[in-house]
Structure formats: structure tokens, C-alpha cells
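Rule-based calculations on the coordinates, nothing more; no lab input. The shown structure was predicted, so the numbers you read here are calculated from the model rather than taken from an experiment. Counting neighbours? That spans all protein chains shown, and the Cβs are built from the backbone with ideal geometry, glycine included.
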Amino acid sequence: MQLYSPLSTTPKRKAFRAPPLASIDGLRIGVLENGKLNAEEMLNEVAALFVERNGCTVRTLASKSNASAPAPSNTLVQVAQEVDFLLTGLGD
Amino acid sequence: MPAAATTSPRIHEVPDDLLAAIDYCYEQGWTDGLPVIPPVVDRVKAMLAADARPAETVIAHHPATGLDLSLHAAAVNAVMAGCLPEYFPVLVAAFEAMDRPEFNFHGSTASTGGSAPLLVVSGPYADEIGMNSDVNLFGPGNRANGTIGRAVRLILRNVFQMLPGISDKSTQGNPGKYSFCIAERSRGNPWPLLCETQGYAKGTSSVTVFAGGGFCNVENHGGNTPEQVLGSVADAMANYGCITLGQSVVILAPEHMQIIAAAGWTREQAQDFLFAHARRSVDGMKGVGKYRDREYDTQHGEAAHALAATGFVHRGLRPDDILITLGGGDAGGHSCFIPSWSRGRGSIMQHAAITNRK
């Protein structure tokens, strides 16, 4: 008996990590809050720790209205130009 | 949607024994916990014949994983669910609607909120394929209702890998995650059918998809005015466990609809009443820890609906956030309310025409 697989035939997507930062001292931080309850407050607290411990500066706060979807490309492109690393949270 | 880069559908060789094939499907992790029909090649081809487009045509895309749903994969899962080929256009239309970003099928499936896509089929196609809009509306018992809804779930898990406990983190789950599919009742319906109000050409049927968070039976055998009947529905809609800015589905039982229709109420009047009365005071919301300034401001800001009363949090943003229609058996004062996914407007209901593309 021959059965078709019910899985997607899309080839597995290759995912890459960004190269690691050699140091975070003095870097510029972006915060991307995802609309979840207390996300902005918590991310800002985390950013404050980097400011205190590593002399970082918080450059921008961006928002996405849908925690379940990737941030819009234009949001990421714009933020990437202004910061060295981004703080965000995963939701769904 | 054009065909994306794909590999060929994989074939599994299994012994020529039906029960062994059913076990094989379990071992592969392809089921929803219930036995499936083994997706033999001939049955999949018969299902695909219900849509003349190339089998590799993509009908939905999952942004989170990059995985695509082809007609072929939809057909395989439809066979496994127990669908007949004539049900396939409904399933295809459902995913065409679910594919829109506003529906957000990923979030509504992955979430701890545990919603399941509710399908409401409207128009003559529901009758043509023998769907149930009558007694035991939400099941069990009808092959079309049961298997179309089931195929949706099998696709979500098998194609998009939304697996319970792994990428589907629903706290409590939801019986609708087995199957959640109904037909709108036309017999005795005093209002235009959904497919008519949605603007489709006469004779065109539609499927509406809604990320439904659960099922709440609304019993009222004593009320005999629209205000009494809908008052009990509004109270269910505003229960502290469900009240959010999200949308709602209300299915009125024939006994309840007779009371509302006898008073000459239109659908819009019913929606206005429900929106106005499905509310909780700000103090009450604060008392249970569910009040949020941002949400209140959204509801009462510049775009506030005239019926949104100051000092209250209403369910939804406006009356047309409430889909309301007729369904169920002739006997019984039992309507139902289905809340939206979780806390807000992360998924907005969508609809699509059912197209016979043989």
C-alpha cells in the first residue's frame, strides 16, 4: 500500500544566527515591545541593566501590534540602522 | 498564490493491511489522537480532482516556519480526515481566508489561549454536500461538518507543524481543536444569509473563519422578548472570563430567533443591543484585575462607537464585531456564544467564496 505523506513539501528553511558581538560595552540598544502585557516595562528594565552595567545607551523603542507575527520588515530595517542590538520578547 | 519551490510529495510504503496502515499513521505522528483514513494514492488523486489547479498550487503560507500548504498536502489531510471530494472546495476556501494576515492562524493556534478555527459555511453549497445546520449543529454526527473541521486541524499539525505541547501551547486545549465546523441555517432564517451580507454574487456560497476560544451554551426558556433573550446572550458575552475587545460569534436557536423575528428585529438591531449590553463596569474590571488603560482608550477614543458607554468596557469595538445568525434544532431555548481568541484582536474573522474549480 502506498501512502502520501501529509507533511508540507516546502524545503527546510536554512536559518542563520547573526554573528556574536565581541563586546556590548557602550553599544546602542533598541527595544521592540510586542504588545504583550508588561512587555514594555520588562524590556525597559532589562535595557536599564545594560545601561548600568555596560554603559549602553537606549536609542529607540519600537512596537509591533501583533506578538505572533514577525516584526514588519521596514520596522526592522529602520531599527537596524540605529542600534547595535535589539531587545525583544517572544510571544506565540 | 503561485507555486513555491517544493520537493515532490513523499510516498510511504506500508504493508497491504488496512489496520496496519492505520497504526502506521499513528506511529508517524500524523493523527489528532483519533484514527485516520490512510492517505492512499488513489483517494488523494480523487480529492485533488475536485480542484483543477496544479497540485503544487500554494493556498496558504506560514510566516513563522516558511512552510506552505499546497493543494496536494490539503488533499492528503482531507482524505485522512474522512472528507469526500465534494467537501474539498470548502476546505480550500477556509485556508484561503485563514491565510490572510488579519486572521493570524499561527498566533491563534500557537497561543496559550487555545482557540480553534470555527468554520461557518453559508449558502446553497452547504446543502449540496449534506452539511448540518440543524439539531446537534456543533456535533456529533454529520460527516461533512465533522471531517471538514477535522481536516483543518490535521493540516495545522501536519503541514504547519503546530503540534500540541511543542508549538501549540494551549493551556487547556479546546474540543473545537478536533473539529469546529457548522452550516448556517437558512430554513426559518428571517435575516439575509451571511454569504449575501458579505457581498457575494447570488448563488455563491461562502465560508467564514473565526478563531473561536470556546463554546458557551446560553440557555433561556423563560424569556419571550428580544430584550430578555438577547440580554442573556449579552451577559454570557460579558462574563469576566471572556470579556475582551475581541469579536464574537452568536448562533441563535430557532426558538430564540422566532421571538426576535416576531418583534421585527433586524440583525443590526440585535447586534446593537448585544454590543450595548455586553459590558462590564471599569470598577468591575479592575476588581478582577482585567482593566487596561490602553484597551479602554482604544474603545473610547476618537473612533469610539456611539453605543460604547463611558465607564464601561464593552465586548468588542463595535456591533459588527458580532457575527450573529441562526443554527441548531427546532426544539430548545439554547443559543450559543463563541468568544474570540484570548485577550484582544489578534485575529479578525475572514470569509472567502467557495469556488467549484473542477
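Counts of other chain beta carbons within 10 angstrom of each beta carbon in peptide A:65-72 average 5. For chain B, the longest principal axis of the Cα atoms and the long axis of helix B:226-237 meet at an angle of about 60 degrees. Count the lysine pairs in the protein assembly as shown whose Cα atoms sit under 17 Å apart, keeping only pairs 8 or more residues apart in sequence or on different chains. So the count of such lysine pairs works out to 5.
Which residue, chosen from A:ILE29, A:ALA39, A:ALA71, occupies the Cα position most advanced towards the positive end of the dipole of the stretch A:28-88, where the dipole is computed from +1 (Lys, Arg) and -1 (Asp, Glu) charges on Cβ about the Cα centre? Of the candidates, A:ALA71 comes out farthest on the positive side. First check a/c for the protein assembly as shown, with a ≥ b ≥ c the square roots of the eigenvalues of its C-alpha gyration tensor; if it is under 1.5, answer rounded, and if not, answer prolate when a/b is larger than b/c or oblate otherwise. Oblate shape, in that a/c is at least 1.5 and b/c is the bigger or equal ratio. Against the main long axis of the alpha-carbon atoms of chain B, helix B:18-27 sits at an angle near 60°.
Listed values for the stretch A:61-76 are Karplus-derived 3J(HN,Hα) couplings in whole Hz (6.51 cos²θ - 1.76 cosθ + 1.60, θ = phi - 60°), namely 10, 10, 10, 10, 7, 10, 5, 8, 10, x, 4, x, 4, 5, 5, 5, and x replaces Gly and Pro.
The distance linking the stretch B:1-71 with the stretch A:72-90 is 38 Å (Cα centroid to Cα centroid, whole angstrom). The loop-placed trypsin sites (Lys or Arg not before Pro) in the stretch B:85-192, going by DSSP, that have at most 10 neighbouring Cβ atoms within 10 Å of their Cβ come out as B:ARG187. Each 10 Å bin, from zero up to the one with the longest distance, holds this percent of the alpha carbon pairs of chain B: 5, 24, 32, 23, 11, 3, 0.
Restricting things to alpha carbons, find the Rg to Rh ratio for the stretch B:214-339 using the Kirkwood radius for Rh.
On the way: Rg = 14.4 Å, Rh = 14.7 Å.
We get a ratio of 0.98 for the stretch B:214-339.
Here the spin labels are modelled as points 7 Å beyond Cα on the Cα-Cβ line, and at A:LYS36 and B:LEU163 they lie 2.2 nm apart. Working from Cα positions, state the angle (0 to 90°, nearest 10) between the long axis of helix B:71-81 and the longest principal axis of chain B. Its long axis makes an angle of about 80 degrees.
Net charge within 11 Å of B:ARG292 by Cβ-Cβ distance, Lys/Arg positive one each and Asp/Glu negative one each, not counting B:ARG292 itself? Could the numbers behind the result be given before it?
Values: positive: B:LYS286, B:LYS290, B:ARG294, B:ARG343; negative: B:ASP293, B:GLU295, B:ASP297.
Its environment carries a net charge of +1.
Contact order for chain B, expressed relative to its length and based on alpha carbon pairs under 8 Å spaced 6+ residues apart, stands at 22 percent.
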